[in-house]
Amino acid sequence: MEDKAKLFLSNKAWANEKLMSDSDYFTNLSKDQNPAYLWIGCSDSRVPANEIIGAQPGELFVHRNIANLVVHTDLNLLSVLEYAVTHLEVDHIILCGHTGCGGVKAALSHLNYDLLNKWLRNLKDVYFNHRDIIDSIEDETAQINKLVEINVVEQVNNLIKTSVVQKAWKHRKSPKVHGWVYHMETGLLDSVIEMNHTSHIDDVYRYTDL
Ligand code: CO
């Protein structure tokens, strides 16, 4: 079957299945959204945000990019963050990396990816700052997965350096910021770091007039 026809057929089957258990499912869902979670994850096709935590439509506000980076000049990510935290008032931000991440593997290599170099440069900087740990590991897969883990911690730290998160922490003591790694080999999640409104923010990055 043609790819597009197959996708539309699957869509119809899915919509019908939802309606079978609740005839008002889409009518209710289309009214509003009130998700408790913002998910920031990798674009990798094997890490479908909703699916791996069993979340239903309406439960997760999602942003995905290559290697789940929080770049402080990325208007796309910052807009998603601002909307989720300030307007939707999510209670949790989940920053999720995954083992075997292609973006991390590319950043550890010396290969030229043209435009992508600019994006991966952020990861190369994380590698550079933690080079002693990464270079002390011999196995390539273990190296990649260690940088995946360190990258999650770094990106969580990038999140708490934003005025968006700091303002929400000051005024509503929320959201919690979670750093997770998804293990593709087992389908299971690992918690690497968790921060909340009482967490320490380095003075250099702290805003006082929020
Ligand atoms: Co990835």
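The values are calculated or read from the model by the stated rules, or taken from the named source; none is laboratory data. What you see is a predicted model, and the numbers here were worked out from it, not measured in a lab. Glycine gets a Cβ as well: all are built from the backbone with ideal geometry, and neighbour counts include every protein chain shown.
Residues that are on the phi > 0 side of the Ramachandran plot and surrounded by 16 or more Cβ atoms within 10 Å (Cβ to Cβ) do not occur anywhere in region 79-88.
Just so you know, in region 84-115 the residues that are more than 14 Å from the ligand (Cβ to nearest atom) and part of a helix (DSSP H, G or I) include one that is nearest to VAL126 (Cα to Cα), and it is LEU115.
Taking the criterion of being more than 13 Å from the chain's Cα centre (by Cα) and in contact (Cβ under 8 Å) with a residue 24 or more places away in the chain, the residues of region 179-188 that qualify are HIS183, MET184, GLU185, GLY187. Would region 178-198 turn up any residue that is under 24 Å from GLU89 (Cβ atoms) and of a type in the set (Asp, Glu)? Yes, because at least one residue in region 178-198 is under 24 Å from GLU89 (Cβ atoms) and of a type in the set (Asp, Glu).
For region 126-178, filtering for residues that are in contact (Cβ under 8 Å) with a residue 40 or more places away in the chain, of a type outside the set (S, T, N, Q) and either outside the structural domain of GLY41 (by TED's automatic domain parsing) or assigned to a helix (DSSP H, G or I) (or both) leaves 15.
One line per residue, one yes/no per condition, for (1) in contact (Cβ under 8 Å) with a residue 40 or more places away in the chain; (2) aliphatic (A, V, I, L, M):
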residue: TRP39; (1), (2): yes, no
residue: VAL47; (1), (2): yes, yes
residue: VAL62; (1), (2): no, yes
residue: ASN68; (1), (2): yes, no
residue: ALA107; (1), (2): yes, yes
residue: ASN112; (1), (2): no, no
residue: ASN117; (1), (2): no, no
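The selection criterion, being out of contact with any His (no Cβ under 8 Å at 6 or more places or on another chain) and either β-branched (Val, Ile, Thr) or farther than 30 Å from TRP119 by Cα (or both), does not hold for LEU69.
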